[in-house]
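Let me begin by presenting the structure, written as structure tokens, before commenting on it.
The values are calculated or read from the model by the stated rules, or taken from the named source; none is laboratory data. Not measured: the values here are computed from a predicted model. For neighbour counting, all protein chains shown are included, and Cβ atoms are generated from backbone atoms with ideal geometry for every residue, glycine included. Just so you know, the surface numbers come from the protein's heavy atoms only, side chains and all, with ligands and any DNA or RNA stripped out. Shrake-Rupley method; radii C 1.70, N 1.55, O 1.52, S 1.80 Å.
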Amino acid sequence: MRNSKLVRQRLAAWFRANGRDLPWRRTTDPYAIMVSEFMLQQTQVATVIPFFERWLARFPDFATLAAATEAEVLAVWQGLGYYSRARNLHRAAQQVVAEFGGALPRDVAEIARLPGVGRYTAGAVASFAFDLAVPAIDGNIARVLARLVDSHEPIDTKAGAEILWRAAESLLPKSGGREHNSALMELGALICTPAKPQCLLCPVRENCRTRDPDSLPIKKPRRKIVAMREDCAWIARGRRILHAQQPGPRWRGLWKLPALTTSVNGHEPLTFLTYPFTHHRVHLSIFRAPAPPRLAPNEQWFLTAELADIALAAPHRRAIEQMLSKL
């Protein structure tokens, strides 16, 4: 990239004056930074902050997290969604303890071998924890770079991604990766936003090649959203409600209301809601049902007072809260 040194200088000066005070920016602890990076995947900063603080209070280091059960991990994570992140973080902690004695290595390639750690997360942890000058491209940085170099390749294709990684590498300083990557990320979050970027306030506007920032970055067409139906049972005995623990990669280990196995045609649901699920829109309906003669191995009664302490799928927690508010 032309004038890379000048771009870096302007970015750094702007970041020192305008960077937000975020909890994970107050530390260089590799564990805390890795936790923040896992939580920030597909989740906004404001949402993450209380979860981040609660998580560190319960699991302050790799060793504590590695020793926890999956149920304990999911219970603390609940509310953030995308539970595979929690499972991968748990497995990563176990690997760090088993292979590195609980201390995260400084090597980017070693970090990238951990479960749930891709090219971006490895670079982010290496730069934010160890100040290494390595590239890291998240959604904010991708947008900034696509506009800076005026790339019209879809950024979610191999060709488009490689253009951005080359641009990121050409912009790297010789040292000081923490401030550099933080500045790029912050520019995308505060100035070079998806809609209505504030170009007049941008510290590198003179170095930006695009003349139509609103049109960038380009992405492949989105897949069509498919409607799905989920019918579940409200089986209650006094203050106890029957739940079923889920198998499968997405919900594994989480509790939900039991799935209905009988037809509900002609019956009105007690409550209903909708929620997104990877290119789907799920319509969750809850119907009253009798208790089974015997419980399945994955079923269990819980008192309503116990529900706050179990790993309960967020849509089902909302449905249960709606039901309890009507009682």
Given the conditions (1) within 16 Å of Gly19 (Cβ to Cβ); (2) open to solvent by 30 Å² or more (accessible area, probe 1.4 Å), every one holds for Cys202 apart from (2)
Selection from segment 236-253 of residues surrounded by 17 or more Cβ atoms within 10 Å (Cβ to Cβ) and part of a strand (DSSP E or B) yields Ala236, Ile241, Leu242, His243, Ala244, Gln245
If you go through Asp231, Asp214, the only one that is part of a helix (DSSP H, G or I) and either charged (D, E, K, R) or over 30 Å from Pro258 (Cβ atoms) (or both) is Asp214
Per the filter on segment 26-49, residues touching a Lys or Arg at 6+ places or on another chain (Cβ under 9 Å) and open to solvent by 60 Å² or more (accessible area, probe 1.4 Å) are Thr28, Gln42
The lone condition Ala63 fails out of (1) within 30 Å of Ile163 (Cα to Cα); (2) open to solvent by 40 Å² or more (accessible area, probe 1.4 Å) is (1)
Going through segment 111-135 in order, the residues found to be open to solvent by 20 Å² or more (accessible area, probe 1.4 Å), closer than 18 Å to Ala167 by Cβ and of a type in the set (A, V, I, L, M, F, W, C) are Ala133, Val134
Condition set assigned to a loop (DSSP other than H, G, I, E, B) and polar (S, T, N, Q), scope segment 151-172, selection least open to solvent (accessible area, probe 1.4 Å): answer is Ser151
Lys256 fails exactly one of (1) open to solvent by 40 Å² or more (accessible area, probe 1.4 Å); (2) touching a strand residue (DSSP E or B) at 6+ places or on another chain (Cβ under 7 Å); (3) of a type in the set (Lys, Arg); (4) in contact (Cβ under 8 Å) with a residue 60 or more places away in the chain, namely (1)
The one condition Pro105 fails out of (1) outside any helix (DSSP H, G or I); (2) surrounded by 15 or more Cβ atoms within 10 Å (Cβ to Cβ); (3) in contact (Cβ under 8 Å) with a residue 24 or more places away in the chain is (3)
Next on the checklist: Being free of Cβ contacts under 8 Å to residues at least 24 places away in the same chain and among the small types (Gly, Ala, Ser): is that true of Gly238 here?
Outcome noted: yes
Pairing a residue in segment 261-284 that is polar (S, T, N, Q) with any residue that is modelled with pLDDT under 95 and open to solvent by 90 Å² or more (accessible area, probe 1.4 Å), where Cβ atoms lie under 9 Å and the two sit 6 or more apart in sequence or on different chains, gives Thr271/Lys326
Going through (1) open to solvent by 40 Å² or more (accessible area, probe 1.4 Å); (2) farther than 20 Å from Leu190 by Cα; (3) in a helix (DSSP H, G or I); (4) touching a residue at least 40 places away in the same chain (Cβ under 8 Å) one by one, Ala13 fails only at (2)
Being farther than 26 Å from Glu70 by Cβ, open to solvent by 60 Å² or more (accessible area, probe 1.4 Å) and not aliphatic (A, V, I, L, M) narrows Pro297, Pro290, Pro269 down to just Pro290
